[in-house]
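The values are calculated or read from the model by the stated rules, or taken from the named source; none is laboratory data. Note that the structure is predicted; figures quoted are calculated from it, not measured. A quick note on method: Cβ atoms are made from the backbone with ideal geometry, for glycine too, and the neighbour counts reach across all protein chains shown. Heads up: the accessible areas ignore ligands, DNA and RNA and are worked out on the full protein's heavy atoms, side chains in. Shrake-Rupley method; radii C 1.70, N 1.55, O 1.52, S 1.80 Å.
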Amino acid sequence: DSGVTQTPKHLITATGQRVTLRCSPRSGDLSVYWYQQSLDQGLQFLIQYYNGEERAKGNILERFSAQQFPDLHSELNLSSLELGDSALYFCASSFGGADEKLFFGSGTQLSVL
Amino acid sequence: EDKVVQSPLSLVVHEGDTVTLNCSYEVTNFRSLLWYKQEKKAPTFLFMLTSSGIEKKSGRLSSILDKKELFSILNITATQTGDSAIYLCAVNTGTASKLTFGTGTRLQVTL
């Protein structure tokens, strides 16, 4: 158990809908990262937050947004969902330094039908 | 654009075999290279490498980095069925521990 908690584990929804994925980092970690893993692709970096502030941004679609709250948990919001958004979404956390390993949660499997 | 390439894409071996997984990278700002093991869901950390030529070892697994030739290898000796997983290579390319991942090597160990 990495100590990173993601909910829900599975999510099935329809095209055009909006969903929210939630992540609680390991105790003491200030930084949260979101990654997307599709069937034929590796882990794609979406966005990183550090202590409530956005720190780095990857190829995150405009339909997607995230935030980190004062208690350090984070939410990833996906809207106007398309079939291609079906993927495994991972949250990872670290203390927030420059050379750290990331600890990953078990992911949320999103299926858009 | 930062790129991490792993080979082979997949591998099937018999229990007891030794395997070598490869990872090459082209990135603008290298800080470290990490290996993860992904079994069912969450990738779990194996190694972090920052210096060339220094082998990191954990039981039957070992890894080494060559910063001149821009690659790393992960060796697994005396493989067991429990080693069956996807092995992910990632490079830390920024000041914020942002990782760029390869697509992974799927290893299957058979009896």
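Brief remarks follow.
- Figure legend. Inter-residue proximity from segment B:44-56: first residues within 11 Å of chain A (Cβ to nearest Cβ) and farther than 17 Å from residue B:30 by Cβ, second residues open to solvent by less than 60 Å² (accessible area, probe 1.4 Å) and among the charged types (D, E, K, R), beta-carbon distance below 9 Å, spacing 6+ or different chains. Indicated pairs: B:44/B:37; B:45/B:37; B:46/B:37.
- Within segment A:89-97, one or more residues are of a type in the set (Phe, Trp, Tyr) and over 12 Å from the mean Cα position of the chain (by Cα).
- Taking the criterion of being of a type in the set (D, E, K, R) and farther than 17 Å from residue A:101 by Cα, the residues of segment B:52-111 that qualify are B:55, B:60, B:66, B:67, B:68, B:69, B:83, B:106.
- Residue within segment B:65-81 that is within 14 Å of chain A (Cβ to nearest Cβ), among the hydrophobic types (A, V, I, L, M, F, W, C) and buried (at least 17 other Cβ atoms within 10 Å of the Cβ) present: yes
- Residue list for segment B:98-111, restricted to those being touching a residue at least 12 places away in the same chain (Cβ under 8 Å) and within 14 Å of another protein chain (Cβ to nearest Cβ): B:99, B:100, B:101, B:102, B:103, B:104, B:105, B:106
- So residue B:90, is it at the interface with another protein chain (Cβ under 9 Å from one of its Cβ atoms) and either part of a strand (DSSP E or B) or more than 10 Å from the chain's Cα centre (by Cα) (or both): yes
- Strands (runs of 3 or more DSSP E) contained entirely in chain A, each with at least 1 residues that are open to solvent by 50 Å² or more (accessible area, probe 1.4 Å) and in contact with an Asp or Glu (Cβ under 8 Å, 6 or more places away or on another chain): A:19-24, A:64-68
- Selection status of residue A:28, touching a residue at least 60 places away in the same chain (Cβ under 8 Å), under 26 Å from residue B:91 (Cβ atoms) and away from chain B (no Cβ under 13 Å): yes
- Hits in segment B:33-43 (condition: of a type in the set (A, V, I, L, M, F, W, C) and at the interface with another protein chain (Cβ under 7 Å from one of its Cβ atoms)): B:34, B:42
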